[in-house]
Amino acid sequence: MQVISVTGPVDAAELGVVLPHEHVFADLVREYRGTGLLNDEHLACRELALLRESGGSTLVDLTLDEIGRDPAALRRVAEATGVTIIMGCGHYRDPYLNRDWFDRHAVDAIADEIVADIEEGVRGTGIRAGIIGEIGADKWYISAAEERSFRAAARAHVRTGLTISTHAARWPVGLEQLKLLAEEGVDPRRVIVGHADTVPIPEYHLALARQGSYVSFDSIGTGTPYDLGRAVDYVMTMVRAGFGAQVLLSHDVFLRGHLRADGGCGYSYVITDFLPRLEGAGLDPEQTRGFVTTNPRAALTGESLG
Ligand SMILES: [Zn+2]
């Protein structure tokens, strides 16, 4: 089974240690001012080299056009560092969405563009997306434009078979996202609900897992020590309930302050610090390794569904 990376198709068995929710480049200046801009290729290469040194090999970059997706830069960085980069497609969240454009385009036309990114490549570059996402809902409800974005993502999934990754931060909107996607024929087992660790409700994580979706704890190391302790608890709750195979871990690096050069956790913290913490909480190393190898691989390919 193959996965599409920015440097071409990769055998899923070769993905190694995978970070399923990151950003190498991003422009969130409107929300975060100067720290919200990742645009330095030299710095990106340095940070990804640190990931390689700590044993990481694949990163999923979920930056979409609304926040500065740059396929050619991603490919240059992948070639320079040897990190396999899987690029996203689709649309981000309000208020980043171009409401006027969404008003003027039918859901199927929006889906056509997503499918073109997957099958032909983005804007004539020939660089193809390998995952749909992060498809966003900004608040505790799905806005009108976001609903069209989700429906288009779902239809692109039905046509291409690519996994859908979502942005569901702070509020338990992931359940609503799964329901909407299911209306369009998407099996929840092909969906990764993102930012679950920013929703401090373990019962929500379990409800997502019971639906069959992957539960992404993807702010590991980018928050406070308190958040880290809670993330350990969330993972342990999932494992005890029998949902260990649906746990995904990542950092969601999107600010300058998240980079190692700026004193942040960088792209290696999950591997170097968080997995050992989970072992300290009682998990065996084989199981924690599965969180960053077999789990994300299955999430990307749907291979566990046969
Ligand atoms: Zn997000």
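Each reported figure results from applying straightforward, stated rules to the coordinates on display, with no laboratory input. Nothing here was measured: the structure is a model prediction, and the numbers come from that model. Every residue, glycine as well, gets a Cβ built from its backbone with ideal geometry; the counts of neighbours run over all protein chains shown.
Per residue, the chain reaches -12000 deg cm²/dmol at 222 nm when only DSSP H runs of four or more residues are counted, each adding -39500 (n - 2.57).
Note that the chain carries a Kirkwood radius of 18.9 Å, evaluated over its alpha carbons pair by pair. Computed over neighbours whose Cβ is under 14 Å from that of Arg99, the net charge equals -4, Lys and Arg +1, Asp and Glu -1. Debye-formula intensities of segment 186-288, expressed as log10 I(q)/I(0) at q = 0.11, 0.20, 0.25 Å⁻¹, are -0.32, -1.00, -1.38 (one equal scatterer per alpha-carbon, no solvent). For segment 159-231, the calculated P(r), taken from all Cα-Cα distances in 5 Å bins from zero up to the bin holding the longest distance, is 3, 17, 29, 22, 14, 8, 4, 1, 0 percent. Placing +1 on the Cβ of every Lys and Arg and -1 on the Cβ of every Asp and Glu, with no other charges, gives the chain a dipole of roughly 240 debye about its Cα centre. Other residues lying with their Cβ under 10 Å from the Cβ of Leu37 contribute a combined charge of 0, Lys and Arg counting +1, Asp and Glu -1. Rounded to 0.05, the FRET efficiency of the Glu147 and Arg189 pair, given R0 = 22 Å and the Cβ-Cβ distance, is 0.50. For segment 28-182, the relative contact order comes to 21 percent (Cα pairs under 8 Å, sequence separation of at least 6).
Charge tally for Asp227 (other residues, Cβ to Cβ under 14 Å; Lys, Arg +1; Asp, Glu -1): -2.
Annotation note: GluC sites (Glu not before Pro) in segment 100-144 located in DSSP loop regions with a Cβ neighbour count of at most 13 within 10 Å are Glu120.
Going by neighbour counts of Cβ atoms within 10 Å, the residues Asp94, Asp233, Asp103 line up, fewest first, as Asp103, Asp233, Asp94.
Per residue, the convex hull spanned by the alpha carbons of segment 1-93 comes to 94 Å³. Between His105 and Ala72, full extension at 0.36 nm per residue minus the direct alpha carbon distance yields a gain of 9.2 nm.
A dipole drawn for the chain from +1 and -1 charges on Cβ atoms has a positive end, and of Gly257, Gly282, Gly8 the residue lying farthest that way is Gly282.
The residues Leu74, Leu43, when put in order of fewest to most other Cβ atoms within 10 Å, stand as Leu43, Leu74.
Here the peptides 81-93, 136-148, 213-225 are ranked by packing, the mean other Cβ count within 10 Å, and the order with the highest first is 81-93, 213-225, 136-148. In segment 166-275, Cα pairs under 8 Å separated by at least six residues give a relative contact order of 22 percent. For segment 226-280, pairs of C-alpha atoms spaced more than 12 angstrom apart make up 69 percent of the total.
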